[in-house]
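Okay, structure first, notes after.
Read-outs throughout are calculated quantities, based only on the coordinates presented, and are distinct from any laboratory measurement. Everything numeric here is computed off the predicted structure, so don't read it as measured data. Heads up, the Cβs are rebuilt from the backbone with ideal geometry, glycines too, and the neighbour counts pull from every protein chain shown.
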Amino acid sequence: MQNRMKKNQLNEEQITEILIKASVGNIATINKNGYPYVVPVHFIYYGGKVYIHGLLIGEKISNIKLNEKVCFETYYLKGYILDEKPCDVNTEYESVVITGTASIVSDYNLKEIVLDKIVEKYTPNLTETKLPSNMIKGTGVIEVIIKEITGKYYK
């Protein structure tokens, strides 16, 4: 880690706040050829884990089935720090990086809870709407178990 960033670490409470308020994250998986594959995703932070929803098939699902190791990242861009010298322009931000393992959730009850929480986060006006059973069964949910988590800020 860069020496100057050692003092810019977020604490656990600040990391949790970012994971709750951030609307988009990026998950990196490893494909069958050994290359990273990164995609933006909507997610929730629940029970100390990250949950992502999407299709039941696709490259990130295939990659997770081949290799459970993942990296997840999200950030909150606060603005730009402008200076008269181009090399001194910077960004004010808070970010979280997680390494861990991912799996596809098969438990119907957990999927329902996670999908309800995703509705609550992204479309709170629909929180009281009951999700149809076929939608719950037909939606892919990825669970990321956190092995290591770091948070940084710069201002």
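Quick look at the numbers
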item: Additional length obtainable on full extension of the chain from Tyr154 to Tyr93, 0.36 nm per residue less Cα span; result: 21.4 nm
item: Proximal aspartates and glutamates relative to Lys78, as straight alpha-carbon distance under 19 Å, when same-chain residues fewer than 8 apart are discounted; result: Glu13, Glu17, Asp88, Glu92, Glu94
item: Summed residue charge, Cβ within 11 Å of Gly151's Cβ, Lys/Arg positive, Asp/Glu negative; result: -4
item: Over the chain: helical MRE at 222 nm, DSSP H runs n ≥ 4 each giving -39500 (n - 2.57), nearest 500; result: -7500 deg cm²/dmol
item: Those lysines that a straight Cα-Cα span of less than 27 Å connects to Lys147, excepting residues fewer than 8 apart in one chain; result: Lys6, Lys7, Lys21, Lys32, Lys49, Lys60, Lys65, Lys69, Lys111, Lys117, Lys121
item: Extreme residue, positive dipole direction of the chain, given options Val70, Ile81, Asn26 (C-beta unit charges); result: Val70
item: Pair Leu56, Tyr37: separation of 7 Å Cα→Cβ label points (nm); result: 1.8 nm
item: Cα-centred dipole magnitude for the chain, charges only on beta-carbon of K, R (+1) and D, E (-1), debye, nearest 20; result: 340 debye
item: Whichever lysines have a C-alpha closer than 21 Å to that of Lys85, once near sequence neighbours (fewer than 8 apart) are set aside; result: Lys155
item: Contact order normalised by residue count of region 3-154, Cα under 8 Å, 6+ apart, percent; result: 30 percent
item: Net charge of neighbours whose Cβ lies under 11 Å from the Cβ of Val105, counting Lys and Arg as +1 and Asp and Glu as -1; result: -1
item: Descending semi-axes in Å of region 1-145, equivalent ellipsoid built from Cα gyration tensor; result: 31, 20, 13
